[in-house]
Structures are given as structure tokens and as C-alpha cells.
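The structure appears below as C-alpha cells.
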Amino acid sequence: MDTVSLCTNPNILQMFLLGCDSIKEVALTSSSKVENTPLVHKYWPDIGNTIQGNNHKPMIKVYDAHKWQLEIMKNSYFCEIYKYDTLLENAKELSIDYVVSLPGSNLYPFLKALKEGDESYFDNYRRIIYEC
């Protein structure tokens, strides 16, 4: 199997944030880029642009998800600024039920299988896909 489907609520940014801080600090409750931009700039200050507002105060431009995802992976996880173990521990705290106050996710079983090299996890998905 060459691909895996990941479900995060509210969005993929949640997965990246899980490795940055405690779940209380990084749990998203909205999929709004405007609301989540401060978190992107908190943990990845070089992503996005600061622009001048009408009142001449700096405003942070909303991040462009298509451009920042690879930068976050390259500059944070591959360089070990943020730790996979933190990502894994926080993912464990997320409910698989998407209708909760914290975001929901099916990330933990996937991340755990990756860390442990559990091929049976992926074999199970392969079997399910081929049976359809």
C-alpha cells in the first residue's frame, strides 16, 4: 500500500501542532485559517508574511496551507525541533469521536504503527480496501 488516509478534525494542521506543545496548548477547535494563524506563527515564526495594516501596525497574513506543510515537516520534524514522541502522546489524548470539545482523530493508531513498524496495521487496511 502506497497511501494512507488520515482523518483529523478540524484539519491537517492539528497533526503538525501535536508535536509542538501540550495538548491543551495545541488542540484546535476551529478549522478557520484566520483563527489558527497565531498558532502557526507561534511554533513556526518564519512561515507566512507580516503585512502592514491600515493603522500601520503589523498584521500577520493568514498562512497558505499548500506552501507551509512541507516547510513545517522539513524544518521541524526532520530536524527534530519538535519530537515524534510528543506528537504520539498528544495524539493518544484525542478522541476518535469527532463530536467532542477537543478535536477528534484517527491519528494515534497510525502514528503508533509507524513508530513500532507494525505492518499488520497496514495489512488490515490493505485487506479492507481490496475487499470492497
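The values are calculated or read from the model by the stated rules, or taken from the named source; none is laboratory data. Treat the numbers as computed from the prediction; the structure is a model and nothing was measured. Cβ sites come from the backbone with ideal geometry, for glycine too, and all protein chains shown count toward neighbours.
The table for this structure:
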| read-out | value |
| --- | --- |
| Answer from 23, 12 - the residue that is surrounded by fewer than 19 Cβ atoms within 10 Å (Cβ to Cβ) and modelled with pLDDT under 80 | 12 |
| Test: residue in segment 58-78 that is modelled with pLDDT of 85 or more and of a type outside the set (Ser, Thr, Tyr) | no |
| Any hit, segment 101-124, residues being at pLDDT below 70 and surrounded by fewer than 13 Cβ atoms within 10 Å (Cβ to Cβ) | yes |
| Boolean, residue 54 is modelled with pLDDT under 80 and either touching a helix residue (DSSP H, G or I) at 6+ places or on another chain (Cβ under 6 Å) or assigned to a loop (DSSP other than H, G, I, E, B) (or both) | yes |
| Segment 42-51, subset more than 14 Å from the chain's Cα centre (by Cα) and modelled with pLDDT of 70 or more, residue surrounded by the most Cβ atoms within 10 Å (Cβ to Cβ) | 47 |
| Close pairs (7 angstrom Cβ cut-off, 6 or more residues apart or separate chains): among the aromatic types (Phe, Trp, Tyr) in segment 89-110, surrounded by 16 or more Cβ atoms within 10 Å (Cβ to Cβ) and at pLDDT 75 or above anywhere | 108/91; 108/94 |
